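See below for the structure under consideration.
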Amino acid sequence: TPVVTPTEPSPINTPPITNNDLIEIKSPMVGTFYSSPNPESPQFVSIGQQIKQGDIVCIIEAMKLFNEIESDISGTIETICVNNGDAIEFDQPLFLVKKD
């Protein structure tokens, strides 16, 4: 009798992590991600928002210092990859931006 090995189903509708149109804004340091300057303030950026190179996109707290993180590209925020208050790692993607 022939041996029938079940094949692994290929993942369907699994979006790619990134696509060629999107550029990652990555964390330059380990720390805590903050999406706004303080709890009462609106977020620096939101999904669908146009940003320019040099715009502040978030704050990362590292060793009691609050570091404003600027975008190094211009484009539209497509995805915010982390949540307010998350502990983040060096080089971790923070935002996906569709470049202008």
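Taking each residue of the range 43-60 that is under 19 Å from PHE33 (Cα atoms) and looking for partners that are open to solvent by 60 Å² or more (accessible area, probe 1.4 Å) and assigned to a loop (DSSP other than H, G, I, E, B) with beta-carbon atoms closer than 7 Å, six or more apart or interchain, yields ILE59/PRO37.
Only one of the numbered conditions (1) farther than 23 Å from ASP21 by Cβ; (2) in contact (Cβ under 8 Å) with a residue 40 or more places away in the chain is violated by PHE95, and that is (1).
Out of MET63, MET29, I need the residue that is in contact with a strand residue (DSSP E or B) (Cβ under 9 Å, 6 or more places away or on another chain) and on the phi > 0 side of the Ramachandran plot. Which one? I'd like the intermediate steps shown before the answer.
Numbers: MET29 fails: on the phi > 0 side of the Ramachandran plot.
Being in contact with a strand residue (DSSP E or B) (Cβ under 9 Å, 6 or more places away or on another chain) and on the phi > 0 side of the Ramachandran plot holds for just one of MET63, MET29, which is MET63.
Scanning the range 38-64 for residues that are within 11 Å of SER74 (Cα to Cα) and hydrophobic (A, V, I, L, M, F, W, C) turns up just one, ILE51.
Test of understanding: among ILE56, ILE51, ILE17, ILE23, which residue is open to solvent by 60 Å² or more (accessible area, probe 1.4 Å), hydrophobic (A, V, I, L, M, F, W, C), under 18 Å from LYS99 (Cα atoms) and at pLDDT 95 or above? Unique residue meeting the criteria: ILE23. Filtered by the rule that a residue be closer than 14 Å to LEU94 by Cα and either within 14 Å of the chain's Cα centre (by Cα) or hydroxyl-bearing (Ser, Thr, Tyr) (or both), the range 57-74 gives VAL57, CYS58, ILE59, ILE60, ILE69, GLU70, SER71, ASP72, ILE73. Just one residue in the set ASN83, ASN67 is open to solvent by 30 Å² or more (accessible area, probe 1.4 Å), under 26 Å from ASP21 (Cβ atoms) and either assigned to a loop (DSSP other than H, G, I, E, B) or touching an Asp or Glu at 6+ places or on another chain (Cβ under 9 Å) (or both); that residue is ASN83.
Of everything in the range 23-50, what is outside any loop (DSSP other than H, G, I, E, B) and over 11 Å from the mean Cα position of the chain (by Cα)? Give them in sequence order. Lay out the reasoning, then the answer.
In the first step, residues of the range 23-50 are kept if they are outside any loop (DSSP other than H, G, I, E, B); the result is 23-26, 31-34, 50.
Listed by number, the residues that qualify are GLY31, THR32, TYR34, GLN50.
The values are calculated or read from the model by the stated rules, or taken from the named source; none is laboratory data. Computed from a predicted structure; not experimentally measured. With ideal geometry, Cβ positions are generated from the backbone for all residues, glycine too; neighbour counts draw on all protein chains shown. Ligands, DNA and RNA are excluded from the accessible area calculation, which covers all protein heavy atoms including side chains. Shrake-Rupley method; radii C 1.70, N 1.55, O 1.52, S 1.80 Å.
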